[in-house]
Amino acid sequence: MATLEIRIFGDPVLRQRAHEVEDFDGRLTQLAEDMLETMRAAPGVGLAANQVGVLKRLFTWEVEEEGGAVVNPTLLDADASEVEVDDEGCLSFPGLFFPVERPLRVEVGYRDLDGEERSVQLEGFNARVWLHEMDHLNGILFIDHLAKHDKREALKAMREYRMERGLEAPQTPKGPGSLLLGRKLR
Ligand code: NI
């Protein structure tokens, strides 16, 4: 096993849609194992393949001993009537936490590493983690769910984070308000 480099916000791969996994082979299992190790070392509770630069619909998660690898997830059901607001972070946004509203209960269909079809009902924090990771696979980031002023703060913090480490400036992210913000920060 090996730990992989976690991509930081500003890396274009985080804004790309990952592709369906078709080959459930040893390479996929190896990637999932490396991602689990990377996620635990970080430490974090979820990691999407985009975050290690791989555009496959795969994520790993682990919450209180429960977890594993999830492939080709699809949201089957989300109860929009019950939502929960809780602080959320992301390994691609080191040290940042902001409140995000998510459905309290979801049902997700997916495949395991052997390609077997499965479905699961999730609640509370687990639902939050899965929704966050499923967003990643579509190039959506948690800052896209934030209130305007929180998003502004997050983008500013990440610009500083990248500058301090000599990383190149984040590319202008998609989404309302981001263009204005990118200019303003210059
Ligand atoms: Ni994340």
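Of note:
- 16 Å cut-off, amide nitrogen to a point 7 angstrom out along residue 123 Cα→Cβ, residues in segment 90-105: 103-105
- Surface exposure of the chain, expressed per residue as accessible area with a 1.4 Å probe, stands at 54 Å².
- Relative contact order for segment 12-164: 24 percent, from Cα pairs under 8 Å spaced at least 6 residues apart, divided by residue count.
- Projected label points at residue 163 and residue 148, each 7 Å from Cα along the beta carbon direction, are separated by 2.4 nanometres.
- Percent carbon-and-sulfur accessible area, the chain, ignoring ligands, DNA and RNA, probe 1.4 Å: 47
- Couplings 3J(HN,Hα) of segment 77-88, computed from phi: 7, 9, 7, 6, 6, 10, 10, 9, 9, 8, 5, 10 Hz, in residue order, whole Hz [Karplus 6.51 cos²θ - 1.76 cosθ + 1.60, θ = phi - 60°; x for Gly and Pro].
- Overall, the chain carries a charge dipole of about 1520 debye about its Cα centre when +1 sits on the Cβ of Lys and Arg and -1 on the Cβ of Asp and Glu, all other atoms neutral.
- Multiplying the residue separation of residue 17 and residue 112 by 0.36 nm and subtracting their alpha-carbon distance yields 32.2 nm.
- For residue 147, net neighbour charge (Lys/Arg +1, Asp/Glu -1) across residues whose Cβ lies under 12 Å away: -1
- Bridge orientation summary for segment 12-164: considering DSSP beta bridges with both residues in this region, about 95 percent are antiparallel.
- Calculated translational diffusion coefficient of the chain (4 °C, 1.567 mPa s; Stokes-Einstein with Kirkwood radius over alpha-carbon pairs) equals 77 µm²/s.
- With the simple spin-label model, which puts each label point 7 Å out from Cα in the Cβ direction, the residue 41 to residue 64 separation comes to 2.8 nm.
- In order along segment 44-51, the phi-based Karplus estimate (6.51 cos²θ - 1.76 cosθ + 1.60, θ = phi - 60°) of 3J(HN,Hα) comes to x, 9, x, 8, 9, 4, 3, 5 Hz; Gly and Pro are listed as x.
The values are calculated or read from the model by the stated rules, or taken from the named source; none is laboratory data. Nothing here was measured: the structure is a model prediction, and the numbers come from that model. Note that we place each Cβ from the backbone using ideal geometry, even for glycine, and neighbour counts take in every protein chain shown. For accessibility, only protein heavy atoms count, side chains too; no ligands or nucleic acids. Shrake-Rupley method; radii C 1.70, N 1.55, O 1.52, S 1.80 Å.
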